[in-house]
Structures are given as C-alpha cells and as structure tokens.
Amino acid sequence: MSVMRLLVLGAVRQHGRAHGYQVRNDLEFWGANEWAGAKPGSIYHALKQMAKQGLLHAHETAPSPAGGPPRTEYELTEAGEASYLELLREALRAHDQRIDVLTAGVGFIVDLPREEAVALLRERVAALEGWSEEVHQHWMPQTTPADWGHIGEIMRLWIHHAESSAAWTRGLIERLEDGAYVMAGEGQRSVDVLPEGMDNPFR
C-alpha cells in the first residue's frame with residue numbers, strides 16, 4: 001500500500017479543499033516527513049499524480065492581492081473518496097501493514113463511523129491472533145525457540161510483536177467503545193492540525 005497516497009488524500013479531505021502547502025504543513029506537524037518519508041517533493045508529486053489519475057480535482061486559484069503566485073487547490077473526486085476510504089480501511093484491518101501505514105490509518109480513523117472502525121480493528125486482532133497461532137503450530141512444532149539457537153529469537157520477535165500489537169489494538173477498541181474521539185457522523189470537529197497560536201514544533 002502507498003502510505004503517501006493515504007496521507008495526501010486524507011490531508012486534503014480534512015480541509016475539503018487544500019493547496020500543497022497546507023498538506024505539507026499538516027503532514028510535517030505529524031512528523032510524517034520522518035516516519036513516512038513525506039518530503040515536500042513527494043507530497044507535491046503525489047498531488048499532481050493523483051490529479052492526473054482522477055482522484056483529485058485541481059482548482060486553479062487567482063494570484064493573491066499581495067502579489068503572491070496563484071496556488072492550485074485540490075479536492076477529492078468521487079473516485080478519490082472511494083480510494084481513500086479503501087486505503088484507510090485496509091490500513092486498520094490488515095495485521096501485516098508496515099508501521100507507517102498503520103500510523104497513517106490511526107491518524108485518520110476518525111473519518112470512519114465508530115462501529116465500522118471497531119469492526120475493522122477487531123479483524124486486525126483476529127488476524128494477529130491467527131498469525132501468532134500459526135507461528136506456534138508451524139514454525140515451532142515439538143520444540144522451543146531455545147532449540148533453534150539464536151534463530152529462535154526470530155520466533156520470539158514475531159510472537160511478541162503479534163501479542164503486543166493485539167494488546168494495543170484491544171486498548172484502542174476499548175477507548176472507542178467508551179466514546180473516545182468524535183467519529184464520522186457524530187458532529188463537527190476541528191480540521192486544524194495545530195492549535196491556534198501554536199508554532200509547528202517539527203519545523
């Protein structure tokens with residue numbers, strides 16, 4: 001999965017219409033330039049490519065009265081909306097996503113209805129539990145990691161990752177079921193990434 005596609009579509013969507021600098025600023029505040037390689041060039045390239053692919057509609061704006069250059073503003077097309085939600089659902093559902101993809105998915109989880117988000121996360125827990133069981137059954141039959149020497153540490157790592165990731169996911173499910181966050185369809189929420197008057201600490 002392209003984490004850049006998910007990040008850029010999600011950042012544009014939260015504004016309704018956004019120009020490249022807004023998208024860049026939001027993603028830099030998230031630190032996505034570090035954990036997802038969301039560098040300025042990659043962001044602007046993704047915007048232009050997705051506009052060509054029909055996922056974004058590009059609006060040419062007039063030059064500012066102060067003499068600045070015109071900016072292109074983007075908004076999701078119907079195809080872009082469908083693609084975004086598909087990417088978001090898969091980021092939350094799959095147990096084997098890279099951490100940058102899961103991080104992006106969690107960042108946009110509020111764009112889903114609460115019940116759907118919980119259901120997707122339950123799928124993730126079930127997949128993690130299945131993976132852990134598979135490692136136990138097929139990779140360590142009739143033996144223990146110690147019998148494998150240092151290679152046994154790989155099995156320990158896989159199982160530890162699956163168990164800890166499932167525990168974190170269960171915690172998120174519990175918080176969502178307890179009413180945490182304003183989810184899709186539950187009312188207005190701020191689209192501002194930075195609180196008013198706060199400077200971006202990552203710049």
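None of E81, E86, E60, E73 is in contact (Cβ under 8 Å) with a residue 60 or more places away in the chain and not assigned by TED's automatic domain parsing to the domain that holds V118 except E81.
Within region 88-142, if we keep just the residues that are over 11 Å from the mean Cα position of the chain (by Cα) and aromatic (F, W, Y), the residue that is modelled with the highest pLDDT turns out to be W131. Touching a Leu at 6+ places or on another chain (Cβ under 9 Å), more than 30 Å from A162 (Cβ to Cβ) and of a type outside the set (D, E), is that true of T61? In short, no.
A search for C-beta distances below 7 Å between a residue of region 23-37 that is touching a residue at least 60 places away in the same chain (Cβ under 8 Å) and any residue that is aromatic (F, W, Y), counting only pairs 6+ apart in sequence or on different chains, returns E28/F202; F29/F202; G31/F202. With respect to the stated conditions, T77 fails to be hydroxyl-bearing (S, T, Y) and over 21 Å from P113 (Cα atoms). Looking only at region 108-125, how many residues end up being surrounded by 20 or more Cβ atoms within 10 Å (Cβ to Cβ) and not in a helix (DSSP H, G or I)? Number satisfying all stated conditions: 2.
Whether any residue in region 12-22 is farther than 24 Å from R175 by Cα and among the basic types (K, R) is what I want to check.
yes
The residues of region 52-87 that are out of contact with any helix residue (DSSP H, G or I) (no Cβ under 9 Å at 6 or more places or on another chain), at pLDDT 90 or above and of a type in the set (A, V, I, L, M, F, W, C), listed by number, are A79, A82. Residues that are part of a helix (DSSP H, G or I), out of contact with any helix residue (DSSP H, G or I) (no Cβ under 7 Å at 6 or more places or on another chain) and not basic (K, R) were ranked within region 21-49; the one that is surrounded by the fewest Cβ atoms within 10 Å (Cβ to Cβ) is G41.
Going through region 1-20 one residue at a time, which ones are assigned to a helix (DSSP H, G or I) and either at pLDDT below 90 or surrounded by fewer than 24 Cβ atoms within 10 Å (Cβ to Cβ) (or both)? Once the filter is applied, which keeps residues that are assigned to a helix (DSSP H, G or I) and either at pLDDT below 90 or surrounded by fewer than 24 Cβ atoms within 10 Å (Cβ to Cβ) (or both), region 1-20 yields V3, M4, R5, G10, R13, Q14, H15, G20.
The values are calculated or read from the model by the stated rules, or taken from the named source; none is laboratory data. On a predicted model such as this, the values are computed, not experimentally measured, just so you know. FYI the Cβ positions are ideal-geometry reconstructions off the backbone, even for glycines, and counts take in every protein chain you see.
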